[in-house]
Amino acid sequence: LIAELVAGELARVAGLLVPDIVLVDLDPELARTEPDPEIQDLIRASDGLNLALDYLPGSVMFDPVAEHLDPELASMVVWFDAYVTNVDRTPRNANLLMWHRRLWLIDHGAALYFHHNWTDYLERSRSAFSMIKDHVLLPTTSTDSLRAADSKMKERIKPDVIAGIINLIPDAWLINSPFATPAETRNAYIEYLLSRLRSSNVFLEETIRARSLSI
């Protein structure tokens, strides 16, 4: 839930399209009207404060063969996914929608995976993110467009923007962290994201290298 909220709102301020995100209280009684036992279990396990995305009626899954994106937009998405360490934007599962002929980003639950183990999180914030080699949009980018995206994204993702987004995380979602208080956990998220932003040259160069090997 935290990854979905933080990555989604970071993408939005970076100028990428993401469906509106809202917080909702889920009543487990909804499971009683669901015929699928697996979905029943999911609903019961999701009791409490949850996250929902706006539905885009008539949207279709992105097809890299049928759709021809501008390298500038593709590079912004690739840079962003390297920044938030999103492993789930591959040709097999792009998590991209086309709606009104525009590209929309969805499903960021696999991003920011560092928070499943906080050990050495600041050191890991400076990682190259080698899995960017599998990104569905990497072949659409160019070296110049990736470098331009790095400059543009760093202009948009400012420290106060990061702090504002992290402060959206409900306290109830922070109770299982290794830190003593929700405030300390939020500070750790902010530290990680700022450190990764300052070290963007590391994952940028890895992305450019991966692209050169894929063409």
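The values are calculated or read from the model by the stated rules, or taken from the named source; none is laboratory data. Owing to the predicted nature of the structure, the values given are computational and were not obtained by experimental measurement. Using ideal geometry, Cβ is built from the backbone for each residue, glycine included, and neighbour counts are taken over all protein chains shown. Just so you know, the surface numbers come from the protein's heavy atoms only, side chains and all, with ligands and any DNA or RNA stripped out. Shrake-Rupley method; radii C 1.70, N 1.55, O 1.52, S 1.80 Å.
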Legend entry - Index of the failed condition, His115 passing every other in (1) over 12 Å from Leu193 (Cβ atoms); (2) touching a residue at least 24 places away in the same chain (Cβ under 8 Å); (3) out of contact with any helix residue (DSSP H, G or I) (no Cβ under 6 Å at 6 or more places or on another chain): (1)
Inset, instruction - Name the residue, out of Ala128, Ala163, Ala148, Ala180, that is surrounded by fewer than 14 Cβ atoms within 10 Å (Cβ to Cβ) and on the phi < 0 side of the Ramachandran plot. - result: Ala180
Legend entry - Subset of the stretch 53-78 [assigned to a loop (DSSP other than H, G, I, E, B), closer than 23 Å to Ser151 by Cα and in contact with a strand residue (DSSP E or B) (Cβ under 8 Å, 6 or more places away or on another chain)]: Leu69
Legend entry - Residue in the stretch 79-101 that is in contact with a Lys or Arg (Cβ under 7 Å, 6 or more places away or on another chain), assigned to a loop (DSSP other than H, G, I, E, B) and modelled with pLDDT of 95 or more present: yes
Legend entry - Residue check for Pro37: touching a residue at least 40 places away in the same chain (Cβ under 8 Å) and either under 30 Å from Glu205 (Cβ atoms) or out of contact with any strand residue (DSSP E or B) (no Cβ under 9 Å at 6 or more places or on another chain) (or both): no
Legend entry - Residues of the stretch 131-145 classified as touching a Phe, Trp or Tyr at 6+ places or on another chain (Cβ under 8 Å) and open to solvent by 40 Å² or more (accessible area, probe 1.4 Å), total: 0
